[in-house]
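Right, one structure below, let's go through it.
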Amino acid sequence: MEVSAESRLQSAAKKHGVTLTKVDCKAFNATGMSLLLELRGEGHGVRGAIAEIRGTGGVRQAIEGEGSGDAVPLLVVLDRPVFCRATEESAIVCLECPLDSGNQPASWRFIAKGAGDLRQVLARLEREGIRARVEDVAPLEPRPTLTGRQKEVVKAAVSQGFFEFPRRTNLTELSKLVGVKPSTLSEILRGAERRIMENAFAAPLQEY
């Protein structure tokens with residue numbers, strides 16, 4: 001979904017030549033939200049951006065953390081943003097937050113339980129004066145998961161350090177632990193690795 005609503009936090013960061021990334025967000029109370037942000041840029045630019053964020057309407061508190069290099073963490077408590085308010089009465093899980101976008105219109109990707117939830121979000125955005133356009137709707141397809149035996153074997157392999165470098169155990173020793181032949185163990189591990197990779201890439205891998 002494309003939404004046209006400029007983020008005042010992103011605007012403050014861009015004004016001072018700083019890159020702002022939302023790391024995490026949580027409901028603070030019935031009307032508030034806490035955002036963990038990361039600001040990257042020159043020291044004077046970051047300080048200017050933080051000062052401007054503290055003075056931004058709706059921001060209740062902004063606590064600067066100890067940075068590393070050019071990255072500075074900032075915990076912001078603010079009135080619940082319009083996008084969060086739009087999902088209050090709907091079964092929505094956000095995948096990509098429009099607060100992360102420094103461009104307009106911003107992209108908002110989420111999982112909705114049903115068409116009714118999507119319509120509810122669109123109606124709420126309209127009441128808030130936010131222009132929104134649905135770009136794509138697709139069913140959520142289940143991704144491949146490990147079988148019970150694969151989970152058992154992978155768990156044993158991880159606990160015994162099989163995937164570490166250097167390995168703390170070898171295929172033969174691990175096969176004795178899980179009670180299968182080394183060749184069988186190798187086949188189980190390859191199958192599990194394939195399923196994990198397919199899950200990571202959200203698509204079946206091609207054979208070559």
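The values are calculated or read from the model by the stated rules, or taken from the named source; none is laboratory data. If you're wondering where the values come from, they're calculated on a predicted model, not measured in any experiment. Because the Cβ atoms are built from the backbone with ideal geometry, glycine has one as well, and the counts that use them run over all protein chains shown.
Can you name the residue in segment 171-187 that is outside any helix (DSSP H, G or I) and in contact with a helix residue (DSSP H, G or I) (Cβ under 9 Å, 6 or more places away or on another chain) and is also farthest from GLN150 (Cα to Cα) among such residues? Can you show your working first?
Residues of segment 171-187 outside any helix (DSSP H, G or I): 179-181.
From what's left, in contact with a helix residue (DSSP H, G or I) (Cβ under 9 Å, 6 or more places away or on another chain): 180-181.
On the way: VAL180: 12, LYS181: 15 Å.
Per the stated criteria, the residue is LYS181.
Would you please name the residue that is surrounded by the fewest Cβ atoms within 10 Å (Cβ to Cβ), looking only at residues in segment 24-64 that are within 26 Å of VAL93 (Cα to Cα) and among the hydroxyl-bearing types (Ser, Thr, Tyr)?
Applying the filter and picking the extreme gives THR31.
Just to be sure I understand, how many residues within segment 144-165 are in a helix (DSSP H, G or I) and of a type in the set (A, V, I, L, M, F, W, C)?
Taking segment 144-165 and keeping what is in a helix (DSSP H, G or I), we get 148-159.
Next, from what is left, pick out any that are of a type in the set (A, V, I, L, M, F, W, C): 153-154, 156-158.
Count: 5.
Could you say whether any residue in segment 129-137 is of a type outside the set (S, T, N, Q), touching a residue at least 24 places away in the same chain (Cβ under 8 Å), within 22 Å of CYS25 (Cβ to Cβ) and in a helix (DSSP H, G or I)?
The first filter runs over segment 129-137 and keeps only residues of a type outside the set (S, T, N, Q), leaving 129-137.
This time we only want the ones that are touching a residue at least 24 places away in the same chain (Cβ under 8 Å), so: 130-135.
Within this subset, residues satisfying the condition of being within 22 Å of CYS25 (Cβ to Cβ) are 130, 132.
From what is left, the residues that are in a helix (DSSP H, G or I) are none.
Looking through segment 129-137, none of the residues is of a type outside the set (S, T, N, Q), touching a residue at least 24 places away in the same chain (Cβ under 8 Å), within 22 Å of CYS25 (Cβ to Cβ) and in a helix (DSSP H, G or I).
State all residues of segment 153-170 that are touching a helix residue (DSSP H, G or I) at 6+ places or on another chain (Cβ under 7 Å) and under 18 Å from ARG194 (Cα atoms); if no residue qualifies, say none. Explain how you work it out, then say what you get.
To start, the set of residues in segment 153-170 that are touching a helix residue (DSSP H, G or I) at 6+ places or on another chain (Cβ under 7 Å) comprises 153-154, 156-157, 160, 162-163.
Across segment 153-170, the qualifying residues are VAL153, VAL154, ALA156, ALA157, PHE162, PHE163.
So which residues in segment 66-95 are modelled with pLDDT of 85 or more and among the acidic types (Asp, Glu)?
Correct list: GLU66, ASP79.
Any residue in segment 41-68 that is among the hydroxyl-bearing types (Ser, Thr, Tyr) sitting within a Cβ distance under 8 Å of a residue that is surrounded by fewer than 18 Cβ atoms within 10 Å (Cβ to Cβ)? List the pairs, counting only those 6 or more apart or interchain.
Every condition considered, the pairs that remain are THR56/ARG8.
In segment 165-183, what residues are within 14 Å of GLU152 (Cα to Cα) and under 38 Å from the mean Cα position of the chain (by Cα)?
Within segment 165-183, LEU174, SER175, LEU177, VAL178 meet the criteria.
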